[in-house]
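The values are calculated or read from the model by the stated rules, or taken from the named source; none is laboratory data. Bear in mind the structure is a predicted one, so any value in this text is a computation, not a measurement. Heads up, the Cβs are rebuilt from the backbone with ideal geometry, glycines too, and the neighbour counts pull from every protein chain shown. We work out accessible area using only protein heavy atoms, side chains counted, and drop any ligands, DNA or RNA first. Shrake-Rupley method; radii C 1.70, N 1.55, O 1.52, S 1.80 Å.
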Amino acid sequence: MKRLRNIENSVIPAVFFAVLLIIWQLSVDMGVIRRFVLPSPMDIGSTLIEILPNMYNHIFVTLIEAFSGFFISILLALVLAILMDSVKLVKKAIYPILVVSQTVPLIVLAPLFVMWFGFGMLPKIIVVVLVCFFPILVSLLDGLSSVDKDIINLLKSMKASSLQIFRLVKFPAAMVSFFSGLRIAATYSIMGAVIGEWLGGRAGLGIYMTRVRNSYAYDKTFAVVVVIIALSMLVFYLVKLTQRLVMPWSIEAERNRR
Amino acid sequence: MTTYRSNHEIKLELKQIYKTFEDTPVLEGISLQLKNKEFVSILGPSGSGKSTIFNIVSGLLKPDSGEVIIEGESYTGKTGRVSYMYQKDLLLPWCRVIDNASLPLIIKGMKKQQARETVSPFFSVFGLEGFEYKYPFQLSGGMRQRAALLRTYMFSKDIMLLDEPFGGLDAITRAKMHQWLLGVLQQLEASVLFITHDIEEAIYLSDRIYIISERPAAVYKEIVINLERPRGRALLTSKEFMDLKAEILSLL
Ligand SMILES: Nc1ncnc2c1ncn2[C@@H]1O[C@H](COP(=O)(O)OP(=O)(O)O)[C@@H](O)[C@H]1O
Ligand SMILES: [Mg+2]
């Protein structure tokens with residue numbers, strides 16, 4: 001039964017997606033939509049194959065920015081979450097500021113970073129951190145505070161220290177929630193780097209994209225979008241794979257709960 | 001206090017425990033005793049304050065007045081002496097069964113490998129052989145409770161508090177667990193204080209039963225169960241058992 005449902009879960013969206021692509025392809029081929037407004041999937045595919053070799057360097061730069069920002073976010077979130085969870089005053093003081101900070105539009109901030117930090121990788125990494133940091137922090141905090149009170153009491157009855165309770169129970173218990181935050185942040189990380197690159201620089205998918213868009217090469221623009229989607233999916237599954245390796249019980253437990 | 005120290009028979013004594021939560025009196029003068037290797041049940045309706053008694057015995061809560069005495073020493077409000085098991089198994093889902101059972105030893109400062117070696121001989125006693133390296137989600141409800149009891153036992157081998165440990169199990173599994181528990185306890189040197197609201201369970205397992213009233217709880221009646229051990233399923237339909245059940249029912 002379960003296996004059947006899994007197949008169903010992957011087949012239905014795949015078929016639906018294929019149907020959408022076919023409709024798209026036919027609409028362009030039959031002239032319902034004009035080719036220079038919206039290139040067809042096959043146009044995009046062949047363009048992608050053609051320009052991919054030129055993009056390797058850009059992909060590499062974007063990945064470096066995304067990964068650096070992602071890991072800095074993880075470190076920052078870990079430190080802050082532990083601090084906020086153990087000292088309630090810190091949580092009360094910082095949490096509202098963090099929420100407000102999330103409402104400041106990045107598009108406004110990003111040009112400032114370029115002014116302050118130049119056209120190198122740093123301003124892009126900062127944008128990635130701004131995008132990724134918050135979901136990771138929130139998921140960690142949620143995880144840390146969602147631990148069953150009874151299990152903490154049980155450990156207290158065994159005379160466990162606060163540090164032991166944190167290490168043995170709270171932190172591991174927060175991992176499932178932490179990883180769901182990581183998955184979201186991982187997908188955002190590529191997008192964050194691309195947004196950062198729009199403002200200028202030497203290399204990166206965002207820069208490549210601005211270039212091809214300025215020359216009205218829409219098929220190339222779409223090809224870059226495909227690459228961005230592929231990279232985002234890639235990091236998403238990398239995080240999922242890591243979760244499976246680090247905590248095999250969590251995937252199984254999630255599946256059993258369904 | 002010296003009188004208790006000389007009397008090695010008494011492991012645990014509660015003297016006139018009072019506890020009030022925000023204007024609601026919950027415990028009103030609970031006094032009881034647990035002797036060495038005895039199985040004593042606290043039987044009372046839900047919400048009467050049974051778990052509160054255990055929270056006080058384990059030291060998690062301080063009573064408003066009264067004393068907890070363990071082997072002649074005052075342990076009022078002190079944690080870390082008795083082991084405590086809840087109705088929920090509270091196994092850590094990210095730890096294998098053997099590491100769950102090792103948890104108390106890890107807390108006491110033992111290294112992981114040594115803790116594993118210390119607990120592993122008990123897996124056969126507790127009917128958990130072959131489950132050492134499974135994760136809790138791979139176990140049935142009954143097996144999880146076994147693992148939880150093993151962990152409880154690893155913390156304190158002489159005094160165990162069991163708070164409705166089989167309350168979440170279906171009737172058939174629970175009957176099996178009763179048989180299992182009697183078998184396990186025969187091989188251990190443990191005194192057990194057991195909470196339940198199930199009359200048959202209390203009679204079947206116990207040497208003595210304290211019946212407590214509705215909130216605010218006080219000990220209403222103490223009943224000695226003089227049924228022969230080892231006990232088997234046939235006992236459940238015997239006349240002595242029925243008489244005891246009728247007697248307790250008339251009290252509630
Ligand atoms: N920490 C607490 N704060 C306030 N009220 C509590 C607390 N713990 C228990 N109570 C109340 O005390 C009463 C007895 O609870 P409990 O000891 O859990 O009962 P039992 O285990 O017999 O079902 C209940 O009415 C419960 O709401
Ligand atoms: Mg209770």
Item to complete: Considering each of B:Q33, B:Q87, B:Q113 in turn, give the residue that is open to solvent by 50 Å² or more (accessible area, probe 1.4 Å), more than 18 Å from the chain's Cα centre (by Cα) and either away from ligand 2 (no atom under 16 Å from the Cβ) or not assigned by TED's automatic domain parsing to the domain that holds B:V192 (or both).
Response: B:Q113
Item to complete: Would you mention how many residues in the range B:179-200 are away from ligand 1 (no atom under 15 Å from the Cβ), within 13 Å of the chain's Cα centre (by Cα) and not in a loop (DSSP other than H, G, I, E, B)?
Response: 5
Fill in: A:V100 in contact (Cβ under 8 Å) with a residue 12 or more places away in the chain and more than 14 Å from chain B (Cβ to nearest Cβ)
no
Worksheet item: Residue check, B:I53 against (1) under 24 Å from A:I152 (Cβ atoms); (2) within 12 Å of ligand 2 (Cβ to nearest atom); (3) open to solvent by 30 Å² or more (accessible area, probe 1.4 Å), all met but one. Which one?
Response: (3)
Item to complete: Scan the range A:55-68 and give yes if some residue there is outside any loop (DSSP other than H, G, I, E, B), hydrophobic (A, V, I, L, M, F, W, C) and touching a helix residue (DSSP H, G or I) at 6+ places or on another chain (Cβ under 6 Å), otherwise no.
Response: yes
Discussion item. Considering only the range B:118-139, I want to know if a residue exists there that is open to solvent by less than 30 Å² (accessible area, probe 1.4 Å), assigned to a helix (DSSP H, G or I) and away from chain A (no Cβ under 12 Å).
Written reply: yes
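Rundown of residues vs (1) more than 14 Å from every other protein chain (Cβ to nearest Cβ); (2) among the hydroxyl-bearing types (S, T, Y), yes/no style:
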| site | (1), (2) |
| --- | --- |
| A:E197 | yes, no |
| A:Y208 | yes, yes |
| A:V235 | yes, no |
| A:L245 | no, no |
| A:P248 | no, no |
Item to complete: Please note which helices (runs of 4 or more DSSP H) are completely contained in the range A:157-232 and include at least 3 residues that are crowded, with 20+ Cβ neighbours inside 10 Å.
Response: A:171-198, A:205-214
Response to the item:
For the range A:22-41, pairs from a residue that is open to solvent by less than 90 Å² (accessible area, probe 1.4 Å) to a residue that is at pLDDT below 85 and part of a helix (DSSP H, G or I), with Cβ under 6 Å and 6 or more apart or across chains, are A:P39/A:Y218
